[in-house]
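Readers should treat all values here as calculations from the given coordinates under stated rules, not as data from a laboratory. Not measured: the values here are computed from a predicted model. Counting neighbours? That spans all protein chains shown, and the Cβs are built from the backbone with ideal geometry, glycine included.
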Amino acid sequence: MNVASKIYRNDGNPSVLSLVPLAARTVLDVGCGAGDNAAILASRGVAVDGITISVAEAETSATACRRVIVHDLERGLPLGLAESYDCCLCSHVLEHICWPEQLLYDILRVLLPSNAPLIVALPNFLFVKERLRLLHGDFHYEPSGLWDETHFRWYTYSGGRKLLETHGFDVLHSSASGVCPLRPIRRLAPRLAKKFDAVVCRLWPGLFGLQFIYVARPKMNFSRNDDRACAFR
């Protein structure tokens, strides 16, 4: 598979974008895809710097981003990001990274000066339908979606929080967005179904959440001189 030519395209991630501070003027979109989140933020007057490993994505997202850098995030953030951003997005990115520690420490570095938030979205591999699929012995990777062939790590609801807290962040908010697979109710009473989705995702995020959402800030007592956080390559 040639990741340099792969393009991830969607309508943006509303659950993530709704958490971007209204006062944010600069956003670092780590794993910007085709620039769908960036385009929505740009329409609000936000300057977005994007990072992607795909040359094809960089060409596509350039129309929405102030700047796009082609870079392998396994090595952390690219050089030259001296700016302190008002917000950083990692929307469905960390599951693609085999060893995310350096990336998180580098993100911490560019957020610490302004104490800006990091907003993370992670897919839930153990969504109820996927659990049933696994019980039936059905496991095979696909070109995209939850079973994407470039998904190298999987996180539970508590595991995503622990990942951030272990690497210099305080998690201020965590939630799950998803659905309860009850098609008759959804078809006959869509508004009721939407409310029901919110309730079950709050009570059982690991079962009914399609994605986990976290808002985190740098720990105030986390030193920028920490050797782990300051591996400036």
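Between Y141 and K195, what length in nm is gained on full extension when 0.36 nm per residue of separation is reduced by their alpha carbon distance?
16.2 nm
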Handout entry: Rg(Cα)/(2.2 N^0.38 Å) for the stretch 165-219, N = residue count
Key = 1.43
Practice task
For the chain, list log₁₀ I(q)/I(0) at each q in 0.10, 0.11, 0.13 Å⁻¹, using the Debye formula over Cα point scatterers of equal strength and ignoring solvent, two decimals each.
Solution key: -0.47, -0.57, -0.80
Problem - Positive-end extreme of charge dipole, the stretch 97-199 - chosen from W154, G137, S114 (charges on Cβ) - result: G137
Exercise for the section: For the stretch 119-166, restrict the atom set to alpha-carbon positions and state the Rg and Dmax in Å. Expected result: 12.0, 35
Exercise for the section: Would you calculate a helix-derived [θ] at 222 nm for the chain, using -39,500 (n - 2.57) for each DSSP H run of n ≥ 4 and dividing by the full residue count, to the nearest 500? Expected result: -8000 deg cm²/dmol
Practice task
Select from T63, A47, L79 the residue farthest towards the positive end of the dipole of the stretch 39-82; place +1 on Cβ of Lys and Arg, -1 on Cβ of Asp and Glu, and compute about the Cα centre.
Solution key: A47
Fill in the blank from the handout: Restricting to Cα pairs under 8 Å and 6 or more apart, the percent relative contact order of the chain works out to 18 percent
